[in-house]
Structure formats: structure tokens, C-alpha cells
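Below is one structure, written out as C-alpha cells; the observations come after it.
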Amino acid sequence: MKNIELFPEPLKVEPKIYAYTDTSFPGYIKIGYTTRANPIDRIKEQFGVIRPQQTFKLIWYDSAMRNDGSTFMDKDIHKILADEKFERTSEWFKCSLNDVKNAYLCVKERKQFEQQRTLDFKMRPEQEEAVKKTLAYFNRIDSEGKANPPHFLWNAKMRFGKTFTTYELAKAMNAKRILVLTFKPAVEQAWHDDLMYHKDFEGWQFFPSVGITSPEDLDKTRPIVCFGSFQDYLGKNSSGGIKAKNEWVHTTPWDLIVLDEYHYGAWDDRAQSLIDSGDEEAKEAIDEQNQILEEDGYNVTLAKRIDESIMPISGAHYLYLSGTPFKALASGDFLEDQIFNWTYQDEQKAKNNWKGPNNPYEELPTMVLMTYQMPHDLGRLIDQYNMDEFDLNEFFRAEGFETNAKFIHESAVQKWLDILRGNASILDSDDPNNHTPPLPYDDQRLLNLCKNSMWFMNSVSSCDAMENLLHQPVNSFYHDYKVINCSGSKAGIGIKALAPVENAYGDVPVDSKTILLTCGKLTTGVTLRPLGAILMLRNCSSPETYFQSAFRVQSPWAIDNPDTKTTIILKKTCYVFDFAPNRALREIVNYANKLSVGSDKSNIEKVKDFISFLPVLQFDGSSMQRMDASDILEFVDHGTTASLLARRWNSPTLVNVDNATLGRVMNNPEAMKAIMKIEGFRALGSDIIEAIVNKQAKIKDLKSKDHLTKPERKELSADEKEYRSKRKLVQEKLMKFLTRIPIFMYLTDYREEALKDIIRKIEPALFTEVTGLSIDDFEKLVSLGVFNDVKMNEGILGFRRYEDKSLSYTGINKHSDDKRVGVWDTSVYRENVDIITKK
């Protein structure tokens with residue numbers, strides 16, 4: 001496998017259409033395309049030789065990129081001018097500059113698209129396989145003469161090319177009547193464009209969900225693709241009958257019925273029975289999908305399990321499309337010979353394994369998941385202490401709508417916005433060993449790669465509140481970004497919600513900077529090429545919702561470079577940012593497992609296969625690390641990992657080495673004797689603590705002076721360096737001593753009492769044997785505050801949780817009935833362990 005570039009250098013390319021005249025061709029204009037910054041450089045190359053004087057004149061140029069991020073070529077302009085019967089010689093046209101500009105606008109705004117069938121790409125290998133397998137199955141069932149029409153499922157991730165491949169299947173079937181039904185009307189543009197722009201479907205007709213076209217206007221001798229939503233075609237009129245305008249849909253014998261975004265069709269009797277039985281997880285997932293559908297204008301009472309026995313529209317063949325059909329796979333609705341699979345792993349493997357030039361997968365970006373554990377003081381602002389299970393819905397809860405919307409915890413959300421741009425610390429302490437992670441609006445690499453992002457929130461109110469907050473003067477940093485609030489009825493229903501987003505990208509999408517706020521709209525079935533990142537700011541109850549939304553950022557963005565006959569990839573990597581680590585990692589595990597139904601691979605093998613192409617980085621409060629499969633499974637099972645626990649017990653925050661604490665130790669002869677017994681302290685010398693305290697006092701005196709001489713500044717620098725060095729040595733020795741504490745906890749069988757009490761009263765001999773420190777010595781250091789009680793509580797609680805999970809796997813957890821859990825300086829009831837870290 002190739003190494004994945006986590007932060008590739010962004011490319012700044014703006015393709016251009018240009019026009020110029022030349023004295024050698026009087027009355028003619030040549031139209032060209034280039035990716036050069038200056039079109040004149042490209043024009044000079046076309047002459048091949050240096051002329052005594054320049055005979056050409058550049059008269060006009062403009063962007064060759066639409067506001068949705070797609071590009072067009074000079075040949076598209078040529079076709080318009082040729083269709084308008086302008087005289088031409090090669091790429092020279094006898095016309096005016098206004099004629100060129102009018103043709104340019106026709107292409108840019110996709111007018112006269114029936115004449116612009118310029119797409120001629122071929123099917124990729126997996127698309128050919130899907131058509132071949134589906135066609136063979138349909139033909140076999142047809143030949144057997146079975147009463148029920150055949151059903152086939154494409155379990156294919158976003159960017160598989162489902163619309164184009166479906167049309168190729170219909171063409172191979174010689175289907176003349178194709179009905180596309182969807183739960184998400186916003187996918188209509190993709191279905192329209194592939195049919196009307198590609199040369200393979202010359203003469204085919206598209207009947208849109210909304211428009212002035214009448215069924216009577218359709219040419220019955222040519223193939224017809226009818227697109228509509230379940231809400232419309234299965235809806236009733238006021239009398240309870242079929243809507244008059246849809247009668248022809250119900251009476252037409254369709255050769256192929258396509259059910260798009262099928263994962264939303266999960267409201268069947270089985271799902272309802274799960275809800276009735278008290279399955280909270282199923283209820284949350286279905287409520288979540290209901291909310292997203294309602295946000296997109298869909299009436300969820302119409303959402304029933306789709307098959308020919310209940311649907312009043314008949315078809316000879318049924319094709320189901322979904323990137324996350326987990327319920328159908330798990331329930332066995334489709335047998336192995338009725339399913340074609342194409343996953344993210346399949347795609348990225350094909351990309352890496354392609355041999356030779358013209359890799360058709362090269363422009364499909366690699367995804368990177370970056371998770372962040374937020375600082376505990378942010379949780380304190382909303383009385384949430386257990387940050388591993390940070391409740392994003394509560395954190396971003398809002399009241400009111402539009403300009404009156406406001407976050408309940410606005411000060412906390414404001415601090416979160418400050419953290420995102422590096423204006424507030426995400427670190428849980430100011431320990432110099434901690435490292436700030438790359439943040440989406442702080443790290444320069446991410447700033448360049450994620451200029452256009454989607455923020456996936458929980459409600460219309462939260463989207464409105466975020467829009468209001470981002471516009472506040474305190475957030476002037478974000479004023480450089482155009483905020484698009486794509487939530488609620490104000491944003492439009494279905495495909496209408498897409499136009500404001502594309503308009504925000506502007507005429508030069510490579511330069512655009514946008515923040516798209518949504519709570520469901522545009523999270524499935526649309527192509528947003530400039531989108532580089534998604535921020536998951538809501539609890540997602542199902543991997544369907546999570547990954548359908550996450551994959552939205554993987555829309556490829558590339559442009560052709562005819563000068564070099566290559567493709568310029570504008571988006572090599574895209575990002576998912578998540579601020580609830582446990583939830584995010586749990587979704588990874590769920591997704592990897594549900595994609596592999598029937599596989600004999602182990603959990604760790606499934607996760608390893610998935611993340612080999614989707615790197616997962618986790619910030620744990622002190623540093624960001626790339627996680628492997630065992631780390632992820634361990635974190636999901638235990639709420640932490642062994643390596644994270646080890647880092648917690650090797651954290652400088654566990655000990656206090658400030659001057660006040662060291663001063664108390666220095667002034668207490670018994671404490672000095674005790675600390676010298678700790679392994680490694682004798683080698684440092686008995687005067688090291690006094691040296692640290694005195695050095696700090698000297699530094700303080702020097703810094704209090706108004707002006708320092710050059711020798712004094714040099715002396716100050718040397719003193720500060722010596723102070724930090726000696727202080728760090730003391731800190732390291734104390735930390736080394738504390739690494740014996742987990743060993744002691746593992747060996748002792750007492751768990752309900754505070755660890756201090758176990759050490760002092762219950763097993764002092766064991767403690768001395770493990771640590772080398774007597775109880776009296778230990779008591780003395782505790783009383784002087786050498787150990788940080790709060791951080792010790794957190795570390796011990798993490799150990800207990802990890803130990804509980806580990807013991808439960810062995811089946812010998814004899815502490816399962818314990819009512820209390822002991823930490824460092826107290827013990828708490830089990831139901832309160834989530835708040836002990838910040839009591």
C-alpha cells in the first residue's frame with residue numbers, strides 16, 4: 001500500500017477560456033483553454049517559433065470553472081459556435097467577441113445542454129462488473145418465468161458512479177421506461193446531468209420531478225427516464241386518491257424501477273417491532289433518519305419498506321442503490337447473487353494497485369478522520385465532565401430560530417470556536433511536554449486544504465444560532481468565510497437547497513472560503529467538489545448517517561490540462577473532524593463490521609482493512625497520535641487504550657513541582673529525607689530542591705528590574721535554562737515513582753476504598769515492597785501536596801475502568817457487585833464515576 005499523505009500541498013490552479021486575434025487571420029477569433037496563470041504564455045507556445053514581432057492580441061479571458069467546481073473546455077465553446085453556423089477554420093471562428101462571450105455563458109450556465117453531449121468517459125472495471133452481474137441475474141430470473149420480478153442491490157459507496165452505471169445497465173437491458181424513485185430529492189441533478197451530457201445516451205429523455213414538461217410531450221419511441229420522490233409519487237390527493245399529474249406514472253409498465261438512497265427505506269414492520277420491544281439504539285437511529293428526511297421536506301409517514309406487493313407502481317425489474325444498506329444486508333433481504341459490493345476500501349485499493357497511466361481512481365481523495373478530546377474546562381462550562389462521551393447535541397443545543405436563535409451554552413460554544421482557530425488552548429494542562437494538535441482553522445496546512453467545509457449540526461435552531469454567533473464582532477476571523485445556512489424551509493427543499501451553496505463558491509471556486517451549516521440537507525446524493533472537510537457537530541446514532549455524511553467531502557475535484565495531457569487533482573485528501581472520540585471510533589468499528597457481513601475475518605482484521613485507507617488520528621488532551629486497529633478496538637471497549645493509560649501515568653501533571661510545593665518540602669527535614677529515598681534522587685544531590693527554589697527567587701528579582709544590562713540578560717537566560725533543567729529532573733524522578741502505583745493497584749484486591757486508605761491502612765507492606773517508600777514517608781509527601789489529587793483521581797479511575805472491561809472478558813470479574821469505586825482520595829458510587837474526574 002502506498003503511504004498516505006495526510007497533509008498534501010494544495011494546488012492553486014485556475015483554468016481559463018481565452019480568446020485572441022491574429023493579423024494572419026483577419027476577422028477571426030481563436031478560442032482556447034489553459035491552466036497557465038497568464039494565457040499569453042500558452043498563446044506564444046502555439047506559434048512554435050519566435051516571430052520578429054508579436055502578431056496576436058489577447059482580447060478576453062475568463063474562468064473555465066463553474067461555481068459548482070466543475071470545469072469545461074474550449075471544445076464546448078467551439079460546439080456552440082459551430083451549432084450557430086459560424087464559419088470556422090480549425091479553432092478559429094469568424095464571429096464577434098460578444099458571440100464568443102454568449103457561447104461561453106451558454107456552456108458555463110449549462111444552457112442548450114441537449115446540444116452539449118461532450119462527456120464520453122467509459123465505465124471503470126467495477127462498473128462493468130456491476131452491470132454484468134446484475135444483467136446476468138435479471139436474465140436468469142426472467143428466463144425462469146418466476147411470478148415476482150427480480151430485485152438486485154448495489155451496495156456501492158458514494159462516487160461509485162451509480163447514476164451513470166444505472167443508465168449503462170438500462171441500456172444493456174434495452175430498457176425503454178426507467179423510473180427513478182428516491183427518498184432524497186436533492187440527488188436529481190446527478191441523475192439529470194449524466195443522462196443529458198453523456199454521448200452514450202443520445203436521444204434519451206429526462207422527465208424531472210418539477211418542471212413545465214408534460215408526459216404528453218415525451219416521445220414514446222425513445223427511452224424515458226422519469227425521476228421523482230416517494231413523497232410525490234406515493235402521495236395522495238385530498239380525496240385519498242392518486243394525484244392527477246401522477247396517474248401516468250402509476251399506469252406505465254416500467255422496464256426498470258430504481259430505488260435510490262435505499263438505506264432510508266427502513267421503516268418496515270421489523271424496524272417498528274424493534275422500537276416496540278424497547279430497542280433504544282434502533283429507536284434513536286430511526287428517529288435520526290426521520291429528522292433528516294423531514295428536514296429535506298419528506299413525509300416520513302409515507303416511508304414504508306418498498307417492494308411490489310405494497311407499492312402501487314409496477315416494474316419488471318428492481319434495482320436498489322445505497323452506500324450503507326446495512327439493515328438489508330443484516331436481515332438477508334438479498335442473497336449473495338443479488339448483491340454487488342463496492343466499498344471505500346475497494347476503491348482505494350484499486351487506486352493504489354492500478355498499473356500504468358490514466359488511473360481512473362487517482363482523483364478520488366483519501367479521507368482522514370481527526371478526533372479531538374476537548375479540554376475538561378470546556379466540559380465544566382456545561383456541567384459535562386466525562387469528555388470521552390462528550391454530548392455534542394447538548395453542547396450545541398439552541399433555542400429560537402433565525403435571528404432570535406441562541407445557544408444555551410453560548411460561552412462554551414464561543415470558546416470552542418476560539419479553540420478551532422488556535423485562539424484558546426485545547427490542551428488539558430500547560431505542561432511543556434504537551435503538543436497542540438493540528439486544528440482546522442489554525443494549522444496552515446488545514447487552512448489551505450479545508451477552505452470550504454460543512455458543519456453537520458443537530459437542529460435548525462443550532463444552525464441558526466451558529467450563523468448568528470459566527471457573525472458576531474468577536475468572531476471577525478470567521479468573517480472571511482461566507483456562511484451558508486442550509487437548514488429549515490428557508491433553504492429550500494431538495495435540489496433547491498443546492499443553488500445557494502454553488503453561488504457561494506462563486507465564479508472562482510478555488511478561491512472560495514465557505515462554511516456550510518446543515519442538519520440534514522445536502523448530506524447525501526449531491527456532489528460538492530470544493531468541499532474539503534466536514535465537522536461532525538451532532539450525535540449520530542447510526543453508521544448510515546455518519547458515513548453518508550462523511551463521504552460527502554470525498555467528491556473528486558480535478559481539471560484537465562491539455563497542455564500536458566494530464567489531470568490536475570485539486571483535492572487529494574479530505575477531512576472529517578470529530579469532537580466526540582468515543583462516538584467516532586465506535587462508528588468506525590460498526591461501519592467496518594457491517595460492511596463485512598458474512599466475512600470470516602476477525603474484528604481487528606476488518607477494522608485494520610478499513611483504516612489502512614482511512615487514517616484515524618486522535619488527540620487525547622496532550623498529543624495527537626495515529627491509531628491502529630487494536631488501539632481503536634481497545635478504546636471502544638475500554639474507553640481508553642493501554643498506551644493512553646501509560647501516557648496518563650507518565651504525565652507531569654500528576655506531580656506538583658511548583659516553587660510553593662518545593663519550598664514546603666525543602667523546609668521540612670522529614671520530607672527531604674523521604675524524597676531522597678525515591679529511586680534516582682540521591683544521584684541528583686540533596687541540595688537540588690534548594691537550588692531550584694533559590695534560582696527561581698533570583699530569576700524573579702532580575703525580571704522585576706525595569707531595565708537589564710546585557711550581562712544581566714545573559715545571566716537571566718542562563719539561570720532560566722538551569723532552573724528548567726533541574727526542575728524537570730525532579731519532575732521526572734517523581735513521575736517514575738508514580739509509575740509504580742498502577743502495579744500496586746493491580747496487585748491489591750481492594751477496590752472500594754480510596755487508594756490512599758489502602759496504602760495507609762490495609763496493605764502498607766505491599767506498598768513499600770512495590771514502591772520502595774515507607775508509609776510514613778509517603779504520608780509526609782502527600783500532606784505537602786507533592787501529588788496532584790485531581791489528576792491522580794483521573795488516572796486511577798481510568799485504570800479501574802480499563803481493568804473492569806478486561807476482567808469481564810475473562811469471566812472472573814469478582815468486583816462486578818461492588819457498589820463503590822475507590823480512587824485516590826475518596827470513593828464514589830458506581831453510578832457517579834463519570835463525574836469523579838472533575839468533582
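The values are calculated or read from the model by the stated rules, or taken from the named source; none is laboratory data. Just so we're clear, the structure is a prediction, and the values are computed from it rather than from any experiment. Cβ: placed from backbone, ideal geometry, glycine included. Neighbour counts: every protein chain shown. The accessibility values were calculated without ligands, DNA or RNA, using every heavy atom of the protein model including side chains. Shrake-Rupley method; radii C 1.70, N 1.55, O 1.52, S 1.80 Å.
Residue ranges 97-106, 713-722 sort as 97-106, 713-722 when ordered by packing (mean number of other C-beta atoms within 10 Å per residue, highest first). If a/c stays under 1.5 just call it rounded; otherwise compare a/b with b/c (prolate if a/b is bigger, oblate if not). Do that for the range 443-550, with a ≥ b ≥ c from the square roots of the Cα gyration tensor eigenvalues. Cα axes put the range 443-550 in the rounded bin. When each of the peptides 476-486, 154-164, 342-352 is scored by how many other beta carbons lie within 10 Å of its residues on average, the order from highest to lowest is 154-164, 342-352, 476-486. Modelled spin-label separation between residue 99 and residue 62, with each label point placed 7 Å from Cα along the Cα-to-Cβ direction: 1.7 nm. Modelled label positions at residue 423 and residue 338, each set 7 Å beyond Cα in the direction of Cβ, lie 5.6 nm from each other.
Based on the alpha-carbon gyration tensor of the range 58-138 and its eigenvalue square roots a ≥ b ≥ c, which shape applies: rounded if a/c is under 1.5, prolate if not and a/b is larger than b/c, or oblate? The shape class here is prolate. 3J(HN,Hα) along the range 578-594, derived from phi through the Karplus expression 6.51 cos²θ - 1.76 cosθ + 1.60 where θ = phi - 60°, amounts to 10, 10, 10, x, 4, 4, 4, 5, 5, 5, 4, 5, 4, 5, 4, 6, 6 Hz, with x in place of Gly and Pro.
For residue 176 and residue 136, the difference between the fully extended length at 0.36 nm per residue and the C-alpha to C-alpha distance is 12.5 nm.
Counting 0.36 nm for each residue step from residue 41 to residue 394 and taking away their Cα separation leaves a gain of 121.5 nm. The 1.4 Å probe gives accessible areas that order 247, 261, largest first, as 247, 261. For the peptides 139-150, 768-779, residues were scored by their other Cβ atoms within 10 Å and the scores averaged per peptide; the highest-first order is 768-779, 139-150.
In the assembled protein chains, residue 605 presents an accessible area of approximately 90 Å² (probe radius 1.4 Å). In the context of the full set of protein chains, residues of the range 7-90 present 52 Å² of accessible surface per residue (probe radius 1.4 Å, heavy atoms only).
Between residue 247 and residue 503, the C-beta separation translates, for a Förster distance of 45 Å, into a calculated FRET efficiency of about 0.80. Computed on protein heavy atoms with a 1.4 Å probe, the accessible areas place 538, 445 in the order 445, 538, largest first. Here residue 709 and residue 6 are evaluated by their C-beta separation; at R0 = 51 Å the FRET efficiency comes out at 0.60. Hey, for a label at residue 774 modelled as a point 7 Å past Cα toward Cβ, could you say which residues of the range 663-706 have their backbone N under 11 Å away? Those under the cut-off are 674.
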